[in-house]
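To keep things clear, I will list the structure first and then write my remarks on it.
The values are calculated or read from the model by the stated rules, or taken from the named source; none is laboratory data. In this text, all values refer to a predicted model and were calculated from it rather than measured experimentally. Cβ coordinates were reconstructed from backbone atoms using ideal geometry, including for glycine residues, and neighbour counts include every protein chain displayed. Please note that ligands, DNA and RNA were not included when accessible areas were found on the heavy atoms of the full protein model with its side chains. Shrake-Rupley method; radii C 1.70, N 1.55, O 1.52, S 1.80 Å.
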Amino acid sequence: MKRLALFAVSLLTASLTFAQQALWGGGPLVSPEVHDDNTVTFRIKAPKAVRVQVTGDFLPQTKVETPRGTWDMPGTAELKEGRNGVWEYTTPQPLASELYSYTFVVDGQRMPDPANVYMVRDVATVSNIFLIKGGQADLYAVNSVPHGTLSRVWYDSPTLGMQRRMTVYTPAGYETGNKRYPVLYLLHGMGGDEEAWVTLGRAAQILDNLIAQGKAVPMIVVMTNGNASQEAAPGESAQGFCPVSSNLPKTMEGSFETAFPDVVKFVDKTYRTRKDKHSRAIAGLSMGGFHSLHISKQYPDMFDYVGLFSAAILPGKDTLSDIYRDSDAKLDTQFARKPALYWIGIGKTDFLYKANADFRQKLDSKGYAYTYMETEGGHIWRNWRIYLSEFATKLFR
């Protein structure tokens, strides 16, 4: 009887062990492995593969010509097959402090790293991420500092005729106090949504760390969905698990700008905000920079701080919205009221560089004051995280 009981226990133990291995993927393959010298090793088990590559923004970029201009695209590196079908690549040089993204390409098929559970979605592309600390990326890490709260909030937009979702960051101490806070409205780019600045932009970590260091004023950050045809990010609305695309209607034709007062009214009604112009900022990347430019001049008494991160500048030739009419006159009115900060940032190889240079020339010709930051690289999240880190420190002083 004892032998039977012992056999049953052994069988159960073996079954549980097998189940756990199936659940957690079996072996202890580590990828990526960040070494003490900040070189990084990538590994993937693919015993039947013929060719395995890794592609990511930690590799030298390649320039690709498209109808929209020249884009910086991630480079690729070859992995070598070792024992037991495990392919491996180690960066030849240490990587600078940064948040990096990457994927594998196995026999021509792009795929995520099965050993790395940390992933982000950028429009329709899913990539793995890793972080090298010891510099700029310390702002993007979760550190031992007081943390703010992220909320996904639904609001009514009468102008668009729908309920819509936004992401709101409230700083540490908001829930337990009665203080009123200034607000930064932070807008995403083409194909993004109200999740982009949280996942790809690390906005919550950046604000937590800057506020804890005393480099930024505690503030509320409102991250909207700039696609006026959408209720919310893909998979988060009544549209269900819809196809993900950057080619959405009602993005840069005036609908979002026209409806933006709905957002401000809701935020001022729902949160303990300071409701004056000096306590509001608006900034965005690419399409969000376009929205920030045109919203801020359409409503010149609403925002005292404006940030254009790699911004698109001009509407399409066939765009007829009143939002974009008399643009120069509206810009004159905006600057006549002396915004506290008009901030422009762009990368040297960004496909929107010339449009931004032309816009700055216009501002210069009129004697309008602005702050300018130029960085290496192109139309990439690495730059936009830097721009947010710089812009946030200059607000509400």
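Criterion applied to ALA204, ALA216, ALA172, ALA196 was being of a type in the set (A, V, I, L, M, F, W, C) and closer than 22 Å to PHE256 by Cα, and the one residue passing it is ALA196. Filtered by the rule that a residue be in contact with a strand residue (DSSP E or B) (Cβ under 8 Å, 6 or more places away or on another chain) and free of Cβ contacts under 8 Å to residues at least 60 places away in the same chain, region 155-170 gives THR167, TYR169.
Looking at VAL183, VAL126, which one is at pLDDT below 95 and aliphatic (A, V, I, L, M)?
Exactly one of VAL183, VAL126 is at pLDDT below 95 and aliphatic (A, V, I, L, M), namely VAL126.
Cβ separations smaller than 7 Å between residues 6+ apart or across chains give the following pairs from region 289-309 residues that are within 17 Å of PRO261 (Cβ to Cβ) to residues that are assigned to a helix (DSSP H, G or I) and of a type in the set (Gly, Ala, Ser): PHE303/SER296; VAL306/SER292; VAL306/SER296. If you check PHE241 against the conditions, is it crowded, with 24+ Cβ neighbours inside 10 Å and of a type outside the set (A, V, I, L, M)? No. Scanning region 27-49 for residues that are small (Gly, Ala, Ser) and surrounded by 15 or more Cβ atoms within 10 Å (Cβ to Cβ), which turns out farthest from TRP87 (Cα to Cα)? The residue in question is SER31. If you go through region 171-196 and keep only what is closer than 16 Å to ASN227 by Cβ and in contact (Cβ under 8 Å) with a residue 60 or more places away in the chain, you end up with TYR185, LEU186, LEU187, HIS188, GLY189, MET190, GLY191, GLY192, GLU195, ALA196. On inspection, SER229 passes the criterion of being polar (S, T, N, Q), open to solvent by 30 Å² or more (accessible area, probe 1.4 Å) and part of a loop (DSSP other than H, G, I, E, B).
Filter the strands (runs of 3 or more DSSP E) completely within region 122-206 down to those with at least 1 residues that are within 30 Å of MET111 (Cα to Cα) and open to solvent by 50 Å² or more (accessible area, probe 1.4 Å).
125-132, 149-157
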